[in-house]
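A short worksheet on the structure shown next.
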Amino acid sequence: MIHEVDEALRLLLAEAGLPERGVEVVLDAPTRDLAARRTAPTVSVFLYDVREDTGRRQAGAVAEHDADGLVLGHRAAPRWFELAYLVTVWTNRPQDEHRLLAEVLQCLTAVDALPARLLTGTLARLGLTVGLDIAGRDTGLPSVSDVWSALGGELRPSIDLRVLAPLAGALTPAGPPVTEGLVVHAVDTSHAAESPAVDPGRRLRYRDTVGDPGAEGFAAPRDRALPPGRRSRGGSNKGGSSGGGIR
């Protein structure tokens, strides 16, 4: 998922026309080494932190289907992560850096989410919104100044970009689809006492069964005998009553 967000951000900045003007977009850390080896104006989109948004965690799973509508398996609900990027620009003059940084800021604030056309892989398959936000509140992530201190470089103008993206859950494969009809095994046990051998029975197979078999299912309707009539206590229920009967 992380590399898919990287690619979507690169494509978003490319749509702003930066590559056509000779501006490179890299994922390198903004260190002195980057400044020393760059040969053109550069925009660095550096990922410095990844944390789960536990408030969005959900339980359960959803069915995943193939092109024919058959269930391939059940996928756990996605988990959401906040990706923190430090966006910086590198040119030969501060004026050019500020101008380029303003263009990048305009590009990133023009949308609230990564456009669906830029999403690839699991992000495209999930079809969920991947939100963008310029950090302006305390979310518990390291501060920009702490990031610069850890990188060992001098503090520079930068954009603290946050991306909220889903991580696809694990897929539990489903069993193979049913391709045969119902198979019934019947064993005759009426002569089990006479013959110790067990009758293998008959194998009945319903073929070419399509759709709903109806309310009766696969069983054919049959008449059931009525229960026997009740007899009066102490005598027969035919012809008069017996001596012990109640008159």
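Miscellaneous remarks
- Taken one residue at a time, the phi angles of the range 20-31 give Karplus couplings (6.51, -1.76, 1.60, θ = phi - 60°) of 5, 9, x, 8, 8, 10, 10, 10, 5, 5, x, 10 Hz. Gly and Pro are set to x.
- When only alpha carbons are used to place a centre, the range 1-53 and the range 65-102 end up 11 Å from one another.
- Phi to ³J(HN,Hα) by Karplus 6.51 cos²θ - 1.76 cosθ + 1.60 over the range 41-53, Hz, x for Gly, Pro: x, 9, 10, 9, 10, 9, 7, 10, 7, 9, 9, 7, 8
- Long-range HN-HN contacts of GLU24 with modeled amide H, under 5 Å: THR42, VAL43
- Taking amide H as placed 1.01 Å from N in the peptide plane, the amide H of LEU72 sits under 5 Å from that of GLU64, HIS65, ASP66, each at least 5 places away or on another chain.
- Overall dimensions of the range 2-173 as given by Cα atoms, namely Rg and Dmax in Å: 18.3, 60
- Under the Karplus curve 6.51 cos²θ - 1.76 cosθ + 1.60, θ = phi - 60°, whole-Hz ³J(HN,Hα) for the range 8-14, x wherever Gly or Pro sits: 5, 5, 4, 5, 5, 6, 5
The numbers here are math on the coordinates, done by the rules we state, and not lab data. No experiment lies behind these values; they were computed from the predicted model shown.
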